[in-house]
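To keep things clear, I will list the structure first and then write my remarks on it.
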There are 2 protein chains.
Amino acid sequence: MAEQHRLAQTPEPPYYAVIFTAVRTEGENGYLKMADRMVELAQTMPGYLGIESVRDGAGAGITVSYWKSEDDIRHWKRNAEHVVAQETGKSLWYSEYTVRVAKVERAYGW
Amino acid sequence: MAEQHRLAQTPEPPYYAVIFTAVRTEGENGYLKMADRMVELAQTMPGYLGIESVRDGAGAGITVSYWKSEDDIRHWKRNAEHVVAQETGKSLWYSEYTVRVAKVERAYGW
């Protein structure tokens, strides 16, 4: 999970989730530094609610970030530094990925 | 990711996602066998569209399963074998977890 906490402490639904699932290419190529920076940067963006991210040793990763609104997600997607990371991800870091934008309707756990 | 494929091959949105994020307790305690069985069982359930699951070496895990409808998710939640797994998860395998049910509104990637 992200450095600051284990599970994201999100408010009562509804809110939005960006589910990013990806498979890495071989080689580090500056990936970890970028990934840490994107977590740090996301936290400064309007509407940010939290992030959960897990990577395994075989190159699979899931990152779910939580946002107040779809507009906040669009704003984050267009952030200049994030755009560079997205483009480098496509060309260098990921062999395949999927991004899903979803509205969280209910949540429970402990 | 799940054994069968790396990324889930889901249809065009809308569909539903169950985002399960958890932190494991110490010890194996039959967890991996259960986790594999739940993936296998989910695939036999009505409305199942796919699953993506990543666990790291530090006990953090994210599993996202995809479903045609909320009714399909409720049906899966109430499956008898799944209920036992949920209860054992609470009492034995997980120190904390969150389940979020979300409607996927758009998706892209490659």
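The values are calculated or read from the model by the stated rules, or taken from the named source; none is laboratory data. What you see is a predicted model; the values in this text were computed from it and never measured. When we count neighbours, we look across all protein chains shown, and the Cβ atoms used for this are built from the backbone with ideal geometry, even at glycine. Please note that ligands, DNA and RNA were not included when accessible areas were found on the heavy atoms of the full protein model with its side chains. Shrake-Rupley method; radii C 1.70, N 1.55, O 1.52, S 1.80 Å.
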If amide H atoms are built 1.01 Å from N in the plane of the peptide, which residues on other chains or at least 5 residues away come under 5 Å of the amide H of B:E96? B:V23
In the stretch A:1-50, the GluC sites (Glu not before Pro) that sit in a DSSP loop and have at most 14 other Cβ atoms within 10 Å of their own Cβ are A:E3, A:E26, A:E28
Would you mind checking which residues have amide H under 5 Å from A:E105's amide H? H placed 1.01 Å from N; only 5 or more apart, or other chain. B:V101, B:A102, B:K103
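Strictly over 18 Å apart at the Cα level, which of B:K68/B:K90; A:K33/A:K90; A:K68/B:K68; B:K33/B:K90; A:K68/B:K77; A:K33/A:K68 would you flag in this model?
Values: B:K68/B:K90 27 Å; A:K33/A:K90 16 Å; A:K68/B:K68 25 Å; B:K33/B:K90 16 Å; A:K68/B:K77 27 Å; A:K33/A:K68 26 Å.
In this structure, B:K68/B:K90; A:K68/B:K68; A:K68/B:K77; A:K33/A:K68 lie more than 18 Å apart at Cα.
May I ask you to derive the FRET efficiency for A:E12 and B:S69 from their Cβ-Cβ distance with R0 = 22 Å, giving the value to the nearest 0.05? Could the numbers behind the result be given before it?
Working: r = 23 Å, r/R0 = 1.04.
The pair A:E12/B:S69 has a calculated efficiency of 0.45.
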Percent relative contact order of chain A, based on C-alpha pairs within less than 8 angstrom and at least six residues apart? 45 percent
Please work out, to two decimal places, the log10 of the ratio I(q)/I(0) at q = 0.16, 0.17 Å⁻¹ from a Debye calculation in which every Cα of chain A carries one identical scatterer. -0.73, -0.82
How big is the stretch B:63-102 on each of its three principal axes, counting only the C-alpha atoms and giving the largest first in Å? 30, 21, 11
Please give, to one decimal in nm, the separation of the simple spin-label points placed at B:V83 and A:L92, each 7 Å out from Cα toward the Cβ. 5.2 nm
Listed residues B:T98, B:T25, B:T88; largest mean-square fluctuation, Gaussian network over chain B with Cα springs below 10 Å, found at B:T98
I'd like the distance between the alpha-carbon centres of the stretch A:1-71 and the stretch B:18-85, rounded to an integer number of Å. 20 Å
Sticking with the crude label model, points 7 Å out along Cα→Cβ, report the distance from B:A58 to A:V39 in nm, one decimal please. 0.6 nm
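In the protein assembly as shown, how does Rg compare with the Kirkwood Rh, expressed as the Rg/Rh ratio over alpha carbon atoms?
Working: Rg = 16.6 Å, Rh = 17.7 Å.
My calculation puts Rg/Rh at 0.94.
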For n ≥ 4 DSSP H runs only, could you compute -39500 (n - 2.57) per run for chain A, divide by its residues and tell me the 222 nm figure to the nearest 500? -8000 deg cm²/dmol
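Where only protein heavy atoms count, and the probe is 1.4 Å, what is the accessible area per residue for chain B in Å²?
Details: 5370 Å² over 110 residues.
Dividing the accessible area of chain B by its residue count gives 49 Å².
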